[in-house]
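Chemist: Take a look at this one; I'll ask things after.
Coordinate-derived values only; no laboratory data. Predicted model, so just to flag it, every value in this text is computed and none were measured. All Cβ positions, even for glycine, are placed from backbone atoms using ideal geometry, and neighbour counts span all protein chains on display.
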């Protein structure tokens, strides 16, 4: 049985809805101290690339990021 995640974040700000996103980087807060490194990697990705960084510790955010990575892989295969 496929597990679905239902959540509603809300309406994005106008600036974000008008923005053209080239690359996306998802980084857990525990790794933000290395933001410069990940920002450089994300900026060098090909157009519409996605960078997902995971922490070493097995935390709830790690599981969530794994699900997000699977979602992006499935969408890229289409």
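Chemist: For 68, 27, which order do you get if you count the other beta carbons within 10 Å of each Cβ and list the fewest first? Intermediate values should be presented prior to the final figure.
Modeler: On the way: 68 15, 27 19.
Sorted ascending by nearby Cβ count, the order is 68, 27.
Chemist: How much FRET efficiency would the formula 1/(1 + (r/R0)^6) give for residue 70 and residue 32, where r is the Cβ-Cβ distance and R0 is 25 Å, rounded to 0.05?
Modeler: Working: r = 24 Å, r/R0 = 0.94.
Between residue 70 and residue 32 the formula returns 0.60.
Chemist: When 33, 38 are ordered from fewest to most other Cβ atoms inside 10 Å of their Cβ, what list results? Please list the in-between numbers first.
Modeler: Working: 33 8, 38 16.
Listed from fewest to most nearby Cβ atoms, that is 33, 38.
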